[in-house]
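All remarks here apply to the structure that follows.
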Amino acid sequence: MNLRLARTYLVDLYKLGAGEKYIKVPTSELAAFFGVSQQSASRILQELFEMELIDKRNVDRTLWVRLTDKGLAEVDDYIRYINDAYERPGRFFFRGVVVTGLGEGAYYMSRKGYVIQFERLLGFTPYPGTLNLKLNEPYYVYQNRLLRKLRGLHIKGFRTKERVFGDVRAFRALIQSKIEGAVIYAERSIYGFDMLEVIAPVYLRDALKLRDGDVVEVEVYINESR
């Protein structure tokens, strides 16, 4: 079971009261509530248990379940996701902490093969470097995972005598509600889902007076209309 599907079942259990205490869950009743067969309801509970999203107990041959702290966190993230979808349609919102990267951003952002395409697609020449934001909250990591699945603006890779440069995808963004820029995803990125790479036409650390540890908000547009 993937996490997206698991969250819907967790919300159902939360609705039944399993977020606050252990509740009785006869599989026949739960099956009707989930809209599945009794056998499927039993399987769903077992998978949620194996994912450490619920705890379950058998008392006098009666099954009781309750969401774990991990399960409650997933429900909270799901609720935030739904609210965010209503409040910011067509946008993804991130809050991350400024960290020092590995210094590769300056090298890649200065390659002419990339710069020409950024100028054409984004309308600006990026400062030769990226602002790296560490996403410490699970919700923003999940958002980043989702955003990476989208197409975005395609910056084609190219080849030089020395090496091959991979494709990059970009999404227009607004940094700290002040500076227009973009979030980028390199095809060969060494970063995981807990890192967000941001570019802009200015040196963001100077323009926003940022240091390592400062919190930065980024609003990403997944389409061209704003």
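What follows draws every value from the coordinates through simple rules; no lab data is involved. Owing to the predicted nature of the structure, the values given are computational and were not obtained by experimental measurement. Here the Cβ is made from the backbone with ideal geometry for all residues, glycine too, and neighbour counts use every protein chain on show.
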Expressed in nm to one decimal, what extension gain is obtained for the pair M1 and I116 from 0.36 nm per residue of sequence separation less their Cα-Cα distance? 37.1 nm
From the helices alone, meaning DSSP H stretches of at least four residues, give me the mean residue ellipticity at 222 nm for the chain, per-run term -39500 (n - 2.57), in deg cm²/dmol to the nearest 500. -11000 deg cm²/dmol
Under the Kirkwood approximation for Rh and a Cα-based Rg, what ratio Rg/Rh is obtained for the chain? 1.11
Trypsin sites (Lys or Arg not before Pro) restricted to region 4-93 and DSSP loop, no more than 11 other C-beta within 10 Å: K21, R61
Using a simple spin-label model with points 7 Å from Cα along the Cα→Cβ vector, what separation in nm is obtained for E137 and E180? 2.7 nm
So, with points 7 Å from each Cα along the Cβ direction, the K149-T100 label distance in nm works out to 3.6 nm
Only four residue types carry charge here, +1 at the Cβ of Lys and Arg and -1 at the Cβ of Asp and Glu. Report the dipole size of the chain about the Cα centre in Debye, rounded to the nearest 20. 680 debye
Under 18 Å Cα to Cα from K21, which lysines show up? Leave out anything in the same chain fewer than 8 places away. K56, K70
Leading residue at positive end of dipole, region 1-55 (Cβ point charges), from A32, L53, S42: A32
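Could you give the length gained by full extension between K209 and D167, i.e. 0.36 nm per residue of separation minus their alpha carbon distance, to one decimal place?
Additional length available on full extension: 12.0 nm.
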Counting only other residues whose beta carbon sits under 11 Å from that of L30, what net charge do I get with K and R as +1, D and E as -1? -1
Ratio Rg/Rh [Cα only; Rh per Kirkwood] for region 88-221: 0.93
Tabulate in residue order the Karplus-calculated ³J(HN,Hα) for region 78-83, using 6.51 cos²θ - 1.76 cosθ + 1.60 with θ = phi - 60°, rounded to whole Hz; enter x for Gly and Pro. 5, 5, 4, 5, 5, 4
For a label point 7 Å from the Cα of N83 along Cα→C-beta, name the residues of region 136-175 whose backbone N is under 14 Å from it. 139-140
